[in-house]
Amino acid sequence: IGTDAPDPGDGGSSEPVPGTGDPLTLVEKGPATDADRKNHPETYTRVDVTAANTADFALTGDEKQGKVGDKVTATVKFANKGPARVQGTLDESVTTVDIHIPKGTSVVKPYDFCEVITKTHYRCGTSQSWVDVNGGESYPFVLRIDKAVGR
């Protein structure tokens, strides 16, 4: 399911209008011929479909222990629990994840594709413009333990 809104350049009004013709049916077609490939070189097509389709995004944090001065790698995981695959706009992240660095630690090495908001707040996106069901991203951060803090 794409994220593009209808556009006057799509060949119609800016609002979708139900069709008035006969219902569409799928018809099986044989393998493509050389003439098909010459006349229709595209390997894909786009069709806007309105559907009730949901995805359940989830985050999992990490818990690490160590001594003052130790470096630990803590990983935040983002997942699409389904039931739908999410397709966003081409070359744009599907979503962003805000990661807040725990008190008593400092970032030694952030995940490469995260934006620094403050020294304790990072915003990370997805590496693709889609997220498959059971797919997602992992955001590992190397942290230094600067000060002992309780749980």
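Values in this text are rule-based calculations from the coordinates and carry no lab data. In this text the structure is predicted, and so the values were computed from the model without any measurement. All Cβ positions, even for glycine, are placed from backbone atoms using ideal geometry, and neighbour counts span all protein chains on display.
Out of the GluC sites (Glu not before Pro) in the range 52-125, which ones are loop residues according to DSSP with at most 15 other C-beta atoms within 10 Å? Intermediate values should be presented prior to the final figure.
On the way: sites: Glu63, Glu92, Glu115; in loops: Glu63, Glu92.
Qualifying residues, ordered by number: Glu63, Glu92.
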task = Pop a pseudo-label 7 angstrom from the Cα along the beta-carbon direction at both Asp132 and Lys67 and give the gap in nm to one decimal.
result = 4.4
inquiry  = Can you give me the distance in nm between label points at Arg144 and Leu24, each placed 7 Å from the Cα along the Cα-to-Cβ direction?
reply    = 5.9
request  = Excluding residues on the same chain fewer than 8 positions from Lys109, give the lysines whose Cα lies under 30 Å from its Cα.
outcome  = Lys64, Lys67, Lys71, Lys77, Lys81, Lys119, Lys147
key: Karplus-derived HN-Hα couplings along the range 82-89 (A = 6.51, B = -1.76, C = 1.60, θ = phi - 60°), whole Hz, x at Gly and Pro   = x, x, 9, 7, 10, 10, x, 6
note = Between Ala55 and residues 5 or more places away or on another chain, the pairs with built amide H atoms under 5 Å apart involve Ala84
key: Table column - 3J(HN,Hα) (Hz), the range 122-129, Karplus curve with 6.51, -1.76, 1.60, x for Gly and Pro   = 10, 10, 10, x, 9, 6, 10, 8
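Just flag the chymotrypsin sites (Phe, Trp or Tyr not before Pro) in the range 46-151 sitting in loop per DSSP whose Cβ has no more than 14 other Cβ atoms within 10 Å. If you can, show how the numbers build up before the last one.
Working: sites: Phe57, Phe78, Tyr111, Phe113, Tyr122, Trp130, Phe141; in loops: Tyr111, Phe113.
The qualifying sites are Phe113.
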query = Each residue of the range 137-150 in turn: what ³J(HN,Hα) in whole Hz from Karplus with 6.51, -1.76, 1.60 and θ = phi - 60°, glycine and Pro shown as x?
reply = 9, 10, 10, x, 10, 8, 10, 9, 7, 9, 8, 6, 10, x
inquiry  = For Val76, what residues show an amide H to amide H distance below 5 Å, using hydrogens built from the backbone and excluding near sequence neighbours?
reply    = Tyr139, Phe141
